[in-house]
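The values are calculated or read from the model by the stated rules, or taken from the named source; none is laboratory data. Predicted model, so just to flag it, every value in this text is computed and none were measured. In this analysis, Cβ positions are derived from the backbone assuming ideal geometry, glycine residues included, and neighbour counts consider all displayed protein chains. Quick note on the areas: whole protein, heavy atoms, side chains included, nothing else; ligands and nucleic acids left out. Shrake-Rupley method; radii C 1.70, N 1.55, O 1.52, S 1.80 Å.
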Amino acid sequence: MTLSSTLSLSADYLKVQSGLQRTVHEILGGGFVADVILWRRKNLTVGILLVTLAVWLVFERSGYTLLSLVSSVFLLLIAILFSWAKSAAILNRPAPPLPELHLSEEMVNEVATFIRLRVNTLLSVSQDIALGKDSRLFFKVAACLWLISFVGGLTDFLTLGYTSLVVSLTVPALYESFEDHIDKYVILAYKNLHQLYVKLNKEYVSRVQKWILEKKKLS
């Protein structure tokens, strides 16, 4: 059996054992947000990327702050619409063609469900770490927080937020397209890291634990 087929079987086995035989769309909630992230509503996804890119360029080049920009835009928009409506009433012309502005109940429920699931997951992870139930999880979270701190020290919050949005709208879609290939390499990397962990635990951690136990016995 070749290495590729072995890794493929390992990936499938781990998915079955861990209950992850779900699509990326289902993992992301299977609703409107998942459709946007996975480019199943391409026009909306592209629109979000273009709008955020424009906002990032405006903030980076103009020196505006978020509050001053939002206030200026709303002031200009309200002034234009107010002047248009008043002149239309005087000249007996139609009023500004404003669309019906509202959020559908379905969209609000989907977004709220997505946020609730992610927040509950975060709270559960935080509780496990605080109670010392999972040491591996603690080190994983600590490494992620250190990485975020390191990256945050290299760039500003606005650039980091825009980059995070771009990553959120590209990585899941790419993973869904190349899921099988990515899983093979992830399993290979996991096996190598697990072997390294076992080796370090055997050569160093176990020795330190034995030394501590010996010290306690002597004392």
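Tabulated results
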| quantity | calculated |
| --- | --- |
| Residue ID - surrounded by the fewest Cβ atoms within 10 Å (Cβ to Cβ), chosen from residues in the stretch 94-127 that are under 17 Å from the mean Cα position of the chain (by Cα) and touching a residue at least 40 places away in the same chain (Cβ under 8 Å) | LEU117 |
| Residue pairs meeting the criteria (Cβ under 8 Å; at least 6 apart or on separate chains; first open to solvent by 80 Å² or more (accessible area, probe 1.4 Å), in the stretch 137-156; second assigned to a helix (DSSP H, G or I)) | PHE138/ILE129 |
| Residues satisfying the stated conditions in the stretch 137-172, i.e. of a type in the set (D, E, K, R) and assigned to a helix (DSSP H, G or I) | LYS140 |
| Selection count where residues are among the hydrophobic types (A, V, I, L, M, F, W, C), under 20 Å from PHE139 (Cα atoms) and modelled with pLDDT of 75 or more, scope the stretch 187-219 | 6 |
| Subset tally (residues that are open to solvent by less than 60 Å² (accessible area, probe 1.4 Å) and over 25 Å from LEU169 (Cβ atoms)) for the stretch 64-93 | 7 |
| Cβ-Cβ under 7 Å pairs, at least 6 apart or on other chains, the stretch 57-84 side more than 19 Å from PRO97 (Cβ to Cβ) and in contact (Cβ under 8 Å) with a residue 24 or more places away in the chain, far side part of a loop (DSSP other than H, G, I, E, B) and not aliphatic (A, V, I, L, M) | none |
| Candidates LEU67, LEU77, LEU57, LEU50 - the one that is in a helix (DSSP H, G or I), of a type in the set (A, V, I, L, M) and modelled with pLDDT of 90 or more | LEU50 |
| Residue among SER149, SER168, SER124 that is at pLDDT 85 or above, under 26 Å from VAL58 (Cα atoms) and among the hydroxyl-bearing types (Ser, Thr, Tyr) | SER168 |
| Condition check for TYR162: touching a residue at least 24 places away in the same chain (Cβ under 8 Å), open to solvent by less than 90 Å² (accessible area, probe 1.4 Å) and within 18 Å of ILE27 (Cα to Cα) | no |
